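The values are calculated or read from the model by the stated rules, or taken from the named source; none is laboratory data. Values in this document were obtained by computation on a predicted structure and should not be read as measured data. When we count neighbours, we look across all protein chains shown, and the Cβ atoms used for this are built from the backbone with ideal geometry, even at glycine.
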């Protein structure tokens, strides 16, 4: 049976997304709980997991850097598919707790930021405590004797015997997280021969010391009608001021345009890797 790694414990947004994907795809796989995103990706690289479902970007709070950095530095990981997941955050407490008496609110840093306005308007005096996951926040609240609350998924709250104090508390209703399903790709695997999918992700390092180098790379895509849905830069971790770039490309322009533009960018880069051509699924 296929083993799919996710960020744990049970009740995280990652688990909710993975359970939905399992039902949608009708695939028979077992979820494996991991302590953090790096552990998920490491287990896939070491072949202890068949795949891992990890967050890569939130529409409100931006990129998940550990995911990007690990993908950039691996020669044996590829993207099999992308899932766009609508995030719903719940304020959960022990049953019968008076919400006006809440002293502390626990959650992961991302949901805390996504619900900043709600917290400020309703709990201006509460202490805010960041946890490793939303599910961990629910566990801490369930184990406490105090008037504490967790911002988490509904599933995490129910798993820990908590009750809904408020639902859909994110400040912006357009709150989505992109997940990548990551699988293993041998170093000696054949180059990508077709572009049968919705998107391509390439990563490259260019010579940032030369004026206009990034503009020239972008022009290679634009001149061939290749639409870029996202560009992200991260430190190259070599010298100060050196960066690598992530380009999400749509495949609508066709195989020839994609192949030519990627080859042209490769010629302008210090190095370039193609993380795969993959479908995009909207939950």
Sort through 241, 225, 212 and tell me the only one that's modelled with pLDDT of 90 or more and on the phi > 0 side of the Ramachandran plot.
225
Of those in segment 23-43 that are out of contact with any helix residue (DSSP H, G or I) (no Cβ under 6 Å at 6 or more places or on another chain) and under 14 Å from residue 179 (Cβ atoms), the residue surrounded by the most Cβ atoms within 10 Å (Cβ to Cβ) is 40
Can you confirm whether segment 134-143 contains a residue that is within 9 Å of residue 93 (Cα to Cα) and more than 23 Å from the chain's Cα centre (by Cα)?
yes
Tell me which strands (runs of 3 or more DSSP E) are completely within segment 203-283 and hold 2 or more residues being out of contact with any helix residue (DSSP H, G or I) (no Cβ under 7 Å at 6 or more places or on another chain) and within 20 Å of residue 71 (Cα to Cα), or say none if there are none.
228-235, 243-250, 269-278
Of the residues that make up segment 174-195, is at least one within 30 Å of residue 96 (Cβ to Cβ), modelled with pLDDT under 95 and either under 20 Å from the mean Cα position of the chain (by Cα) or surrounded by fewer than 20 Cβ atoms within 10 Å (Cβ to Cβ) (or both)?
yes
